[in-house]
Every structure is written in C-alpha cells, then in structure tokens.
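Report on one structure; see the data block that follows.
The values are calculated or read from the model by the stated rules, or taken from the named source; none is laboratory data. What you see is a predicted model; the values in this text were computed from it and never measured. Here the Cβ is made from the backbone with ideal geometry for all residues, glycine too, and neighbour counts use every protein chain on show. Ligands, DNA and RNA are excluded from the accessible area calculation, which covers all protein heavy atoms including side chains. Shrake-Rupley method; radii C 1.70, N 1.55, O 1.52, S 1.80 Å.
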Amino acid sequence: MDGIKKTQLIKPRIRRILSKELPPELIPKLPRHWVLVGDVLILPIRTELEPYKHRIAEVYAEVIGARAVLRKGRISGEFRETNYELLHGNDTVTVHVENGIRYKLDVAKVMFSPANIKERVRMAKVARPGELVVDMFAGIGHLSLPMAVHGKARVIAIEKSPYTFQFLVENIELNRVQGRMTAYNIDNRDFPGENVADRVLMGYVVKTHEFIPKALDIAKDGAVIHYHNTVPEKLMPEEPFRTFREIAREHGYEAEKLNELVIKRYAPGVWHVVVDVRVFKG
C-alpha cells in the first residue's frame, strides 16, 4: 500500500557524506527515524546536532528525494497546528498519496499523523454506500475522504480553521467526490442539522468529550459515533467509553460499545484511543 514512508536505518550514503563533515562522535546521533509526507521530509534533530542542522537536512533531502525538510516539533492548540522548523527548501505544500486518496496539505502548518494510517484505512471499510456521515473535525479530510472515495458514503465535513479548510475543499475536488462530500467552514457546534447522521466522526483529542452532546444531536437513533480521545493508561480500558456513556445518559441516550482501538501513544502514559459507539434515544 502506498502511504507515509518511514525508515529506521540510516542510508549508507547519508552516513558516508556526513562522516566527512561532522565530528565522529555526532555520527551515531544522526536521525534514524523520519517521515516523508508527499515530498516533504519531517526529521527529528537532536540538540547536539544544532550547528549542523541545515547541512544534515540538505543531505537527507538529496538522498531520500525530498523537496523540503522540516524539523519535527510539537503539535498543539485548538486547530492541532504543527510547530515545525523549516531547515531546507521553501515550499512545504505537497500532495500525499495514501490508499488511493490524494491529500493536499501544508506539512509545516497542518497536522497529518503518520501513526493514524490504520484508522484512515479502516474508515474506508466501515462506511456504507449512501449513508450520511458527519465529520465534526474534518481537517483536510483525513478520515472522511476515504469514506467518500472508497465507501461511497455521503459526507458533511466540518472544519473550523480557515487555512485548513482551503485544503479540505481542494482535496474534495482532487479526489472527485464533489457530488458526495460537502464542506463547511464553521464551528461544529454551529452546525444546524439534527437527527441527520447515520455515522458521526469525532476525530479530535484531549477535549473531545466536550462535543459529545452536539454529536448526539447530529446522530440519528441507532447511529454509530467514532469517538476519539486521549486517555491516561491507568484509566484504561474503562475509559474513554465510561465518560461517553455517562454524558450520553445525561442527555437521554443509551450507548453501546461496538469496538475499541488504540491509535498511538500521545504522551508518556497517555494513549490516543477510538471507540465505536452505537447510540439510542432513551
């Protein structure tokens, strides 16, 4: 399958070039892990390599075939924005192809998590032709584009960030699903639809529980909600479903857990988890 390319071995050519330019004790500290999104390389650079970071980026780009190189940073804020440093090149907008989906994005500013590939592939399989999916946190269409392209579902994609929304609209056109997918640049809490969705996507973390009441409003009786959140390991496996069920009951709904998957480690002792929940009006 095409997708984000990762490696854990330094290519001999990289080591050969840089061993002539860097102090010998720094060679073992060269990045062994990197991610290629489209033709933009995300590279972790240790502080010891700081004086040589631009040259290191240039060599990795040349050998791996990247047009631009970003230093890996933290992802934070309401819009899950990246904080990457540009080390090489000047254009970080690229088109990444994965599972037959074309994702256009600015890797320097818009989050695209390599560890979520299995969930993006899974969403392509769970969607059903003609069902209505509401994606409450669409981003560039990470999870809902596969549902429209492969699952032939109808999708309402909601994205609050104006910058990210531009790429969402372009990706709908790139993947030729204008007839099945509609985008809204609003806060999902302002979405007027009620009792409309066969399936609801909640692909957010940390504060996702705050949006459960809105998801319940959007969902039809018997709809499936894909609820993502971050959970301390010590609270698993009861969480995050326990919180979802409690909030659902407060709003007159019952919730049935269909499936639960760990997506990736979010922080030390904290995991990103998704729970598939069927909801019923009480």
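Here are the numbers for this structure:
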| quantity | calculated |
| --- | --- |
| Loop-located trypsin sites (Lys or Arg not before Pro) in the stretch 93-184, at most 13 other Cβ atoms within 10 Å (DSSP) | R176 |
| Degrees separating the helix 53-64 axis from the principal Cα axis of the chain, which is the longest one | 80 degrees |
| Helix-only mean residue ellipticity at 222 nm for the chain, each DSSP H run of n ≥ 4 adding -39500 (n - 2.57), per residue, nearest 500 | -6500 deg cm²/dmol |
| Long-range Cα-Cα pairs in the stretch 138-202 (distance over 16 Å), rounded percent | 39 percent |
| Separation between Cα centres of the stretch 159-174 and the stretch 124-148, rounded to whole Å | 14 Å |
| Carbon and sulfur %, accessible surface of the stretch 59-181 computed with the full protein complex present, 1.4 Å | 49 percent |
| Solvent-accessible area per residue for the chain (1.4 angstrom probe, square angstrom) | 48 Å² |
| The chain: angle of helix 241-250 to the longest principal axis, Cα-based, in degrees nearest 10 | 30 degrees |
| For the chain, share of DSSP beta bridges that run antiparallel, in % to the nearest 5 | 65 percent |
| Using alpha-carbon coordinates, inclination of helix 117-126 to the longest axis of the chain, degrees | 30 degrees |
| Normalised contact order of the stretch 37-173, rounded percent, pairs of Cα under 8 Å and 6 or more residues apart | 18 percent |
| Additional length obtainable on full extension of the chain from R55 to K11, 0.36 nm per residue less Cα span | 14.3 nm |
| Most to least packed among 137-143, 46-52 [average Cβ atoms within 10 Å] | 137-143, 46-52 |
